[in-house]
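Just so it is clear, none of the values below were taken in a lab; they were calculated from the coordinates. As the structure is a prediction and not an experimental result, all values here were calculated from the model. Note that each Cβ is placed from the backbone with ideal geometry, even for glycine, and that neighbours are counted across all protein chains shown.
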Amino acid sequence: MCAHVVVAEDDPKQADLVRRYLEREGHQVVVVHDGRAALREARLGTAQLLVLDVMMPELDGLDVCRALRAESALPVLMLTARTAEDDLLLGLDLGADDYLTKPYSPRELVARVRALLRRGSAAAIREAPATGVLSVGPLTVDPLRHEITAHGRPVDCTPAEFRLLEVLAGRPGRVFTRAQLLEHLNGIDRYTTARTVDTHVMNLRRKIEPQPRRPTTLLTVYGIGYKIAEVPRLAP
């Protein structure tokens, strides 16, 4: 699959290496070297994926991702030299779709790009049934419009949060382990742990639950994982 990819990397040698590997894969690549240029390119609406370094001048990658997620679902692959778990979780929490830590293999980067593009393409062409909107109690998830409402209010979610909620709402009452949910989320980096799912769940509860510390919709099944509460059926 050939795509228009923006590479935001302030190290010219590293940027050129990434560009050459992606072009060898058949992609059209635009390289920028600071955060403002990255955001400007992403806002043009022609890119299909953004490869985004965290440490950049003007705006860092985290600020770019935060601004971009307020207005776009463009897939983002973040690159960083930071290896602390909290840094990785912060990137995912801000809406990154995948995370690679430096030093990384260019071949692995190409594979991650391929996986993100394939996932995006599958989502774009997926045909939902006539009753594709998922409604569970106060929660409504519309996969086609990429919209969520809770208790009648629209909810803004990152792409990862949306996918997690879509999976859970599609099977109310079923318990998903953290490992199963990670498979439905973004590409799994070797530093990613089950805490990634916990972070997304915590943020979702702030958005969909009237009392996040006493959730009634997105429930924890201790020792196993998470589920969306089933709505009791009324007796005939």
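Cross-link partners among lysines for Lys207, C-alpha distance below 25 Å, same-chain residues fewer than 8 apart left out?
Hits, sequence-local ones excluded: Lys227.
Taking K and R as +1 and D and E as -1, what net charge do the other residues with C-beta under 13 Å from the C-beta of Thr220 add up to?
+3
Going by Cα centres, segment 11-82 and segment 139-161 are how many Å apart?
Their Cα centres are 26 Å away from one another.
In straight Cα distance, which lysines are under 28 Å from Lys13, not counting same-chain residues fewer than 8 positions off?
In chain and number order, the partners are Lys102.
State the three equivalent ellipsoid semi-axes of segment 134-228, derived from the C-alpha gyration tensor as the square roots of 5 times its eigenvalues, in descending order and whole Å. Before the final figure, lay out the partial values.
Details: eigenvalues 80, 45, 30 Å².
One finds semi-axes of 20, 15, 12 Å for segment 134-228.
Given a cut-off of 26 Å, what percent of all Cα-Cα pairs of segment 4-125 lie beyond it? Show your work: numbers first, answer last.
Values: 698 of 7381 pairs.
Summing the P(r) of segment 4-125 above 26 Å gives 9 percent of all pairs.
Tabulate in residue order the Karplus-calculated ³J(HN,Hα) for segment 44-49, using 6.51 cos²θ - 1.76 cosθ + 1.60 with θ = phi - 60°, rounded to whole Hz; enter x for Gly and Pro.
3J(HN,Hα) across segment 44-49, in whole Hz: 5, x, 9, 6, 10, 6.
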